Amino acid sequence: MNDLLATTPPPRGYSGAFLAVTAGFVTALLVSNIIAVKLVQFGPWAVPAAVIVFPVSYIIGDILTEVYGYHRARLVIWIGFGCNLLATTAIAAAIVLPPAPFWPHQEAYEQILGFAPRLLLASFAAYLAGEFANAYVLARLKILTAGRWLWLRTIGSTLVGQGLDSMIFMIVAFSGIIPGQAIVAAAATQWLIKSGYEVLATPLTYLIVGLLKRHEGVDVYDEDTDFNPFRLRERR
């Protein structure tokens, strides 16, 4: 931690780069929720189409925590939650509104964009648990490794975060509907695919992290951070 950047506090304002990364995080989250209704085939496994986009939110979450620290990642996680809540509320309102008499696609619209309350609860709970666990583990590992071995932090935190995300979603959404063994198998399949995504993206993560640290002039270590997920104010 002798590098000058390691002692540099996070900027007080929100730079264009930070806002761009935040926008990417929110976009990946919203898109994944919209396309999740379609099931796609990966070899012997059928998984939601969101598997091709949702892991990007974890990769961006890793970048946020690595460069800006847990406190900024926490803020972005809650921004993503709020945007997702707004999107689902707007979609629900659009479904309830009466269609024009000449518009014949109401049923298809409901089938694609509609959602069951239980699935929505499962999605929100899994998102918060997974993302906060991911950010916490990465921040702690950064201190333990003295900023070395970025690959260990990104992959290790993703294994924990994605594991929680997949298991919580499957349990909350499908307990009592499908057998327990099937829930575990489906969660494990999603966990492996999403974690594999992180491994393949490691070179790109290294590139973006390096560029952001040089551009922003920061490399935050969360040595005195309050890891309470509900504390949004930054310490000065």
Sorted by Cβ density within 10 Å, fewest first, the residues Lys194, Lys213, Lys38: Lys38, Lys213, Lys194
Take each uninterrupted DSSP H stretch in the chain, measure its Cα extent along the helix axis, and return the ones at 15 Å or beyond whose mean Kyte-Doolittle hydropathy is at least -0.5. 16-35, 54-68, 70-96, 117-144, 150-174, 180-200, 202-216
Suppose every K and R has +1 on its Cβ and every D and E has -1 on its Cβ; what is the size of the dipole of the chain about the Cα centre, in Debye to the nearest 20? 240 debye
When Leu120, Leu141, Leu212 are ordered from fewest to most other Cβ atoms inside 10 Å of their Cβ, what list results? Leu120, Leu141, Leu212
Estimated [θ] at 222 nm from DSSP helical runs (n ≥ 4, -39500 (n - 2.57)) normalised by residues in the chain, nearest 500: -23000 deg cm²/dmol
Footprinting exposure proxy for Arg72, Arg140 (fewest neighbouring C-beta atoms within 10 Å first): Arg140, Arg72
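None of the figures in this text is laboratory data; all of them are computed from the coordinates on show. Only a predicted model underlies this, so the values are computations on that prediction, with no experimental measurement involved. As a convention, Cβ positions derive from the backbone with ideal geometry for all residues, glycine included, and neighbour counts pool all protein chains shown.
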